[in-house]
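Heads up, the thing below is written out as structure tokens.
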Amino acid sequence: MPRFLTALPVFNEATHVDGVLDEVLRHTADVCVVDDGSTDGTARILADRIEARGDVRVVRHPRNLGYGAALATAFREALAGGWDGLVTIDCDGQHQPRLIPEFLALASDPVRGADIVSGSRYLRRFPGDSQPPEARRRINATITAEINARLGLSITDAFCGFKAYSRRALAALAITETGYAMPLEVWVQAAAAGLSIVELPVPLLYLDLSRSFGGALDDAETRLAHYRAVLDRAEAAVGWRLPAAPPLSAANRASQDPLAAAHC
Ligand SMILES: Nc1nc2c(ncn2[C@@H]2O[C@H](COP(=O)(O)OP(=O)(O)OP(=O)(O)O)[C@@H](O)[C@H]2O)c(=O)[nH]1
Ligand SMILES: [Mg+2]
């Protein structure tokens, strides 16, 4: 059975971190927490846990670098540690650790498996599913449809952070997006590298509607424009073009990214 590391990107999750880790450790023993410069006491909780139980490994960013940066660190940890693959799961209670064995089984299945097993909250309904905030659902649907059209994929959820990556996928991906748009760069690079992709249905949970992206990304239209600019940049970076599409030059697109300057 291939050996997978499970990594959790964590930023200010003092209320969730211990409970989520307890649940994760019921399904896998190999856990790495990427503490993305938390300032709410999460670091203390993790340090106490290591001292008391030593049941997880923690890699800490000296300051907050962003969701994408936290996952890029997890990718590096998995490759450097010689793991056969990586499962990523959020630490805010929106993802169910009880599904980790399903991700591992599918990711390791020589027939049905794939380089990227991606959770989808829009493949089927689960009892107790939340109603997603309208703007989130709309932007997810819009960007997912555009990704399928641009990359020739057929995914149903472009943003779910619950995923399993094969070692081949980790080696092929070169993440530069430090923020929430990182999953979009993954799709472009995965398509360019010819990585296989399969989706796994996961429940759709919104527990805390007061959580926000922060800053300009809270504006739906700004967020949409930013995501499109990230897709353009990522496509230009790999020289991606569907046979029909004309080549894209990075220069004449970057200016359209409302967040080009700020890390987000
Ligand atoms: N917000 C935020 N989360 C981060 C960051 N770095 C790591 N994370 C972690 O990344 C995971 C996903 O972040 P969320 O803010 O939950 O992103 P999301 O699920 O798309 O957004 P919500 O639906 O609002 O929860 C969580 O485990 C966070 O703790 C960061 O810079 N900002
Ligand atoms: Mg979340």
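The values are calculated or read from the model by the stated rules, or taken from the named source; none is laboratory data. Keep in mind it's a predicted model, so treat the numbers as computed, not measured. Counting neighbours? That spans all protein chains shown, and the Cβs are built from the backbone with ideal geometry, glycine included. Surface areas here come from the heavy atoms of the whole protein model, side chains and all, with no ligands, DNA or RNA. Shrake-Rupley method; radii C 1.70, N 1.55, O 1.52, S 1.80 Å.
Evaluate the Debye formula for the chain with equal point scatterers sitting on the alpha carbons, no solvent, and hand back log10 of I(q)/I(0) at q = 0.09, 0.13, 0.14 Å⁻¹, in q order, two decimals.
-0.39, -0.84, -0.99
Pull up all non-local amide H partners of SER196: gap of 5 or more, or a different chain, and H-to-H distance under 5 Å with H placed in the peptide plane.
For SER196, the qualifying residues are ASP115, ILE116.
ALA145 to ARG168: FRET efficiency via 1/(1 + (r/R0)^6), r the Cβ-Cβ distance, R0 45 Å, to the nearest 0.05?
Values: r = 27 Å, r/R0 = 0.61.
Once the sixth-power term is evaluated, E becomes 0.95.
Pick from SER210, SER108, SER38 the residue whose mean-square fluctuation is largest in a GNM of the chain, springs joining Cα atoms under 10 Å.
SER210
Measuring with a 1.4 Å probe in the full set of protein chains, what accessible area per residue, in whole Å², belongs to the chain? If you can, show how the numbers build up before the last one.
Values: 11680 Å² over 264 residues.
With the other protein chains kept in place, the chain gives 44 Å² per residue.
Restricting to Cα pairs below 8 Å that are 6+ residues apart, what does the relative contact order work out to for the stretch 7-82? Please round to a whole percent. Spell out each step's value before the answer.
Working: 97 pairs, mean separation 28.2, N = 76.
Computed over the stretch 7-82, the figure is 37 percent.
Once you put a point 7 Å from the Cα of GLU23 and another 7 Å from the Cα of LEU209, both along the Cβ direction, what distance in nm separates them?
Simple spin-label model gives 2.1 nm for this pair.
Would you calculate the convex hull of the Cα atoms in the stretch 140-198 and tell me its volume per residue in Å³? Display every interim value, and only then the final one.
Working: hull volume 5.0 nm³, N = 59.
About 84 Å³ per residue, rounded to a whole number.
Contour minus end-to-end for VAL111 and ARG136, with contour as 0.36 nm per residue of separation and end-to-end as the Cα-Cα distance? Intermediate results must be reported in sequence, preceding the final value.
Values: separation 25, 0.36 × 25 = 9.00 nm, distance 3.38 nm.
Extra length from VAL111 to ARG136 when fully extended: 5.6 nm.
If packing is taken as the average count of other Cβ atoms within 10 Å, what order do 7-17, 117-127 fall into, highest mean first? Could the numbers behind the result be given before it?
Details: 7-17: 22.6, 117-127: 18.3.
Peptide ranking by packing, descending: 7-17, 117-127.
Could you check what % of the DSSP bridge pairs in the stretch 4-238 are antiparallel, to the nearest 5? Write out the running numbers ahead of the final one.
Details: 7 of 25 bridges.
Once the DSSP bridges in the stretch 4-238 are tallied, antiparallel ones form about 30 percent.
Place a +1 charge on the Cβ of each Lys and Arg in the chain and a -1 charge on the Cβ of each Asp and Glu, then give the dipole magnitude about the Cα centre in debye, rounded to the nearest 20. Walk me through the numbers on the way to the answer.
Working: 27 positive and 32 negative charges, 116 e Å.
Here the size comes out at about 560 debye.
In a Gaussian network model over the chain where Cα atoms closer than 10 Å are linked, find which of GLY194, GLY37, GLY215 has the largest mean-square fluctuation.
GLY215
Using per-residue counts of other Cβ atoms within 10 Å, averaged over each peptide, order 110-116, 196-202 from highest down. Can you show the working numbers first?
Numbers: 110-116: 14.9, 196-202: 18.7.
Highest to lowest by the protection proxy: 196-202, 110-116.
Just name one of HIS95, THR73, SER120: the one whose Cα is farthest towards the positive end of the charge dipole of the chain (beta-carbon charges, Lys/Arg +1, Asp/Glu -1).
Farthest along the dipole direction, towards plus: SER120.
Cα centroid distance between the stretch 145-197 and the stretch 60-116, in Å?
Each part reduced to its Cα centre gives a spacing of 13 Å.
Please determine, in degrees from 0 to 90 and to the nearest 10, the orientation of helix 182-192 with respect to the longest principal axis defined by the Cα atoms of the chain, where the helix direction is its Cα long axis.
Result, in degrees: 60.
Taking only Cα atoms, what is the 0 to 90° angle, nearest 10, from helix 134-151's long axis to the longest principal axis of the chain?
Once rounded, one gets 60 degrees.
Regarding the stretch 70-173, what is the average projected area of its C-alpha convex hull, in nm²?
Seen from a random direction, the Cα hull of the stretch 70-173 projects 7.7 nm² on average.
What percentage of the solvent-accessible surface of the chain, computed with a 1.4 Å probe over protein heavy atoms, is contributed by carbon and sulfur atoms?
On the way: 6390 of 11680 Å².
Heavy-atom surface of the chain belonging to carbon and sulfur, 1.4 Å probe: 55 percent.
Give the value in nm², to one decimal: projected area of the alpha carbon convex hull of the stretch 1-111, averaged over all directions. Provide the component values of the computation, followed by the final result.
On the way: hull surface 27.3 nm².
Averaged projected area of the stretch 1-111's Cα convex hull equals 6.8 nm².
Among MET182, MET1, what's the order by accessible area (1.4 angstrom probe), most exposed first? Each step should come with its number before you reach the end.
On the way: MET182 0, MET1 175 Å².
Largest to smallest exposure gives the sequence MET1, MET182.
What do you get for the angle between helix 220-238 and the principal long axis of the chain? Use alpha-carbon atoms, 0 to 90 degrees, nearest ten.
It is inclined by approximately 80 degrees.
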